[in-house]
1. Any residue in the range 239-253 that's in contact (Cβ under 8 Å) with a residue 60 or more places away in the chain: show its pairings with residues that are of a type in the set (Phe, Trp, Tyr) at Cβ separation under 7 Å, as long as the two are six or more apart or on different chains.
2. Between VAL173, VAL193, which is among the β-branched types (Val, Ile, Thr), at pLDDT below 90 and surrounded by 13 or more Cβ atoms within 10 Å (Cβ to Cβ)?
3. Residue under question is GLU147, and the condition is that it be over 30 Å from GLU38 (Cα atoms), over 24 Å from the mean Cα position of the chain (by Cα), acidic (Asp, Glu) and surrounded by fewer than 19 Cβ atoms within 10 Å (Cβ to Cβ); does it hold?
4. Could you look through the range 176-188, keep only residues that are within 19 Å of PRO136 (Cβ to Cβ) and without any contact (Cβ under 8 Å) to a residue 40 or more places away in the chain, and pick out the one that is surrounded by the fewest Cβ atoms within 10 Å (Cβ to Cβ)?
5. For the range 11-52, give me each residue that is of a type outside the set (A, V, I, L, M, F, W, C) and assigned to a helix (DSSP H, G or I).
6. Pairs only if they're at least six apart or on different chains, beta carbon under 8 angstrom, first in the range 79-99 and in the same structural domain as ARG12 (by TED's automatic domain parsing) and of a type in the set (Val, Ile, Thr), second assigned to a strand (DSSP E or B) and surrounded by 11 or more Cβ atoms within 10 Å (Cβ to Cβ); list them, first residue then second.
7. Mind checking which residues of the range 23-46 are modelled with pLDDT of 95 or more and of a type in the set (D, E, K, R)?
Amino acid sequence: MTTSLPTLLQTRLQRLADELSARADALGLLALGSVGLETARADAWSDLDFFVIVRPGAKPRYLADLDWLAAAHPLDWAFANTADGCKALMADGLLCEFAVFEPPEMHAVSYAPGRWVWRREGDLAESLARPQRSIPEPASLDWLVGEALSNLLVGLHRHRRGEHLAAMRMVQVHALDRLMELIDQLQPPARGVARDPFSADRRFEFRHPAELAMLRLCAGGIEATPQAALAMLARLEQLVPLPPAVVARIRALA
């Protein structure tokens, strides 16, 4: 067990590994994210993200009855959020997000590389700590710019119509996601800050601290969609050439 994890996370992972290792149908516990290979960023607010690998045929039991997880610490609440996994709240406030897989399924799952807390070496290859399926490639610059501009247009149309919630989400969520992805591709990140390959907003302000003032304008709330759209447009203009007609239309709508 790595010593750079907070004590609670270390202890909980080890208890879970002990419980699983006593079960003949369990094969491995793969820690992911901040409890996996990125332990340097783990803190008191980290969740417990992991995969449990079980023998063929055992997966439905592990998903239907979480007694194996409750054995590590009592649970206050849990629900199935995917066909493969659950989210669960332990009684001391630690949130778990996990999936259960059988070995053949691992070849079709996309995930960031993890760290084995425990595995049956004769039954489970060490190489499965790394995804067998490639993580999706970043979108092209042209696609990101096009999506961002179209999101701004649609969002401002909705704002003018009075659909302020839908407008806020289109501009301050969808367009902002594309802008963050664009910045990630064009601007060097701060040293030592890893990007989540599945979510551009995770740790964005740590990767690009100079963008913090821009972020405050781009995520100003339900009444601030026009101002957010203009802030995003201004940042896009700094990054790449934009079609003048689209720029003029966005400014007019805002």
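The values are calculated or read from the model by the stated rules, or taken from the named source; none is laboratory data. Given the structure is predicted, the values throughout are model-derived calculations rather than measurements. Cβ coordinates were reconstructed from backbone atoms using ideal geometry, including for glycine residues, and neighbour counts include every protein chain displayed.
1. none
2. VAL193
3. no
4. It comes out as ASP177.
5. If the condition is that a residue be of a type outside the set (A, V, I, L, M, F, W, C) and assigned to a helix (DSSP H, G or I), then THR11, ARG12, GLN14, ARG15, ASP18, GLU19, SER21, GLY33, SER34, THR39, ARG41 are the ones that fit.
6. From the range 79-99, the pairs are THR82/ALA99.
7. Of everything in the range 23-46, those that are modelled with pLDDT of 95 or more and of a type in the set (D, E, K, R) turn out to be ARG23, ASP25.
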